[in-house]
1. Testing Tyr27 on (1) surrounded by 16 or more Cβ atoms within 10 Å (Cβ to Cβ); (2) in contact (Cβ under 8 Å) with a residue 60 or more places away in the chain; (3) in contact with a Phe, Trp or Tyr (Cβ under 6 Å, 6 or more places away or on another chain), one condition comes back false. Which one is that?
2. Collect the residues in region 1-18 that are part of a helix (DSSP H, G or I) and in contact with a helix residue (DSSP H, G or I) (Cβ under 9 Å, 6 or more places away or on another chain), keeping them in residue-number order.
3. Please work out which one of (1) touching a residue at least 12 places away in the same chain (Cβ under 8 Å); (2) over 15 Å from the mean Cα position of the chain (by Cα); (3) within 14 Å of Val7 (Cβ to Cβ) is the condition His102 fails and give its number.
4. Could you list, in sequence order, the residues of region 1-16 that are surrounded by fewer than 19 Cβ atoms within 10 Å (Cβ to Cβ) and of a type in the set (D, E, K, R)?
5. With the structure loaded, tell me whether Ser70 is free of Cβ contacts under 8 Å to residues at least 24 places away in the same chain and either out of contact with any Asp or Glu (no Cβ under 9 Å at 6 or more places or on another chain) or of a type in the set (Ser, Thr, Tyr) (or both) or whether it fails that test.
6. What is the number of the single condition among (1) among the β-branched types (Val, Ile, Thr); (2) more than 24 Å from Ser119 (Cβ to Cβ); (3) modelled with pLDDT of 95 or more that Val14 does not meet?
7. Could you check, for region 39-58, whether at least one of its residues is within 12 Å of Ile5 (Cα to Cα), touching an Asp or Glu at 6+ places or on another chain (Cβ under 7 Å), crowded, with 19+ Cβ neighbours inside 10 Å and among the hydrophobic types (A, V, I, L, M, F, W, C)?
8. I'm checking my understanding of the structure. Among residues of region 70-97 that are buried (at least 19 other Cβ atoms within 10 Å of the Cβ) and not β-branched (Val, Ile, Thr), which one is nearest to Gln46 (Cα to Cα)?
Amino acid sequence: MAGSILVVDDDSLVRQIFGEVLAASGYEVTLADSGMAALALLDAAQPDVVLLDIAMPGMNGLDTLARIISRRPRLPVVMITGNTDIDLATEAVRRGAADYVHKPVDLDDLARAVAVQMSTGDAPPPDVLELSSADCELPAELGLWPAPWPAA
């Protein structure tokens, strides 16, 4: 399985199309018709990426985004907007969205956005390699760097 995606959109046709396209690409897909439904499914579905519509009745996408981030801060959320106002999409990214796509959605763009977020995902940060000054000692054959200033 390529990963798990939670699709959140109040438009049933959009949910159906996204679900079919993503499932055909090998993803496990969970569908939600509202922000509240998405929050209810978040723990059970354990998605690797969320596709979240901005304009929904009730709890809108920006409010849903805030609640998702409070529960899973490293979970990538790709906002879906039918609004041509770039300021709204920019605001979503400022609030923590990983990316956004515009409706009508080009399915190739959607696939690329999902693939990019799957590669970064909700994975734990890589181990940090700590070095001491002894680890950074130059081999004797390299010699020493000249001092950048004249000796006093």
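1. Looking at each condition in turn, Tyr27 falls short on (3).
2. Correct list: Ile17, Phe18.
3. The failed condition is (3).
4. Residues satisfying the conditions are Asp10, Asp11.
5. So Ser70 passes the test.
6. All conditions pass for Val14, except number (3).
7. no
8. Once the filter is applied, the top-ranked residue is Leu75.
The values are calculated or read from the model by the stated rules, or taken from the named source; none is laboratory data. The structure displayed is predicted, hence computed values, not measured ones. With ideal geometry, Cβ positions are generated from the backbone for all residues, glycine too; neighbour counts draw on all protein chains shown.
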